[in-house]
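The values are calculated or read from the model by the stated rules, or taken from the named source; none is laboratory data. Bear in mind the structure is a predicted one, so any value in this text is a computation, not a measurement. Neighbour counts run over all protein chains shown; Cβ positions are idealised from the backbone, glycine included.
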Amino acid sequence: MSKSQRHVKALQALRDKGSSFVEDYCTFRNRELWEVRCKGCGTIIRKMLPIEELSVKRIVRGVTLIQERLALACLANYREVLIAFDDGSKHVTPMCVECATTRLQDKDLLEAVYTADLEQWKREGAGVSEVDARRKPNRVAKVAEQIRGNE
């Protein structure tokens, strides 16, 4: 079964259960990542926010201008999920704390989450290897605020 067929099958299984899912979870503006939504429920988990310490305030002809610097920030509900696959490999994906800790026990949602990441990589122009497309997620290995390295 191809990755696209797997994705469609997983999404249909979620719909049959009455479960929500967000496929296109990244919003871009001017080619910059502007916000990230949880794939499970659609809640915003990362977005561009102003960094007050880097803001510049100027007065030009009696008008106050504030130039803000923005950074993509993780919100309090942001979690990273380490997904383990049937071949022993792993993958990290962002979700909200609620979906990461409760909803990802559903194998159909786990499959849909991973294939949504593959689709996002394709939209961004990144290559998706045959290994990536063939492997099947089988469990959540870890949920944390941030996962680094080879955990």
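Tabulated data
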quantity	calculated
Exclusive hit being closer than 13 Å to residue 39 by Cα, in contact (Cβ under 8 Å) with a residue 60 or more places away in the chain and not aliphatic (A, V, I, L, M), set 93, 115	115
Test for residue 148: is it of a type in the set (D, E, K, R) and more than 25 Å from residue 32 (Cα to Cα)	no
Among the candidates 64, 93, residue that is of a type in the set (Ser, Thr, Tyr), outside any helix (DSSP H, G or I), at negative phi and loosely packed, with under 13 Cβ neighbours inside 10 Å	64
The lone exception for residue 31 - which of (1) at pLDDT below 90; (2) out of contact with any Phe, Trp or Tyr (no Cβ under 8 Å at 6 or more places or on another chain); (3) within 25 Å of residue 148 (Cα to Cα) it fails	(3)
Residue within the stretch 99-120 that is over 24 Å from residue 31 (Cα atoms) and β-branched (Val, Ile, Thr) present	yes
Looking only at the stretch 34-61, and only at residues there that are more than 27 Å from the chain's Cα centre (by Cα) and part of a loop (DSSP other than H, G, I, E, B), the one that is modelled with the highest pLDDT	61
Single match in 82, 75, 70 (criterion: more than 25 Å from residue 34 (Cβ to Cβ) and modelled with pLDDT of 85 or more)	82
Complete set of residues in the stretch 96-138 that are surrounded by fewer than 17 Cβ atoms within 10 Å (Cβ to Cβ) and either on the phi > 0 side of the Ramachandran plot or among the hydroxyl-bearing types (Ser, Thr, Tyr) (or both)	101, 102, 125, 129
Selection status of residue 113, within 14 Å of the chain's Cα centre (by Cα), assigned to a strand (DSSP E or B) and either of a type outside the set (Gly, Ala, Ser) or under 15 Å from residue 147 (Cβ atoms) (or both)	no
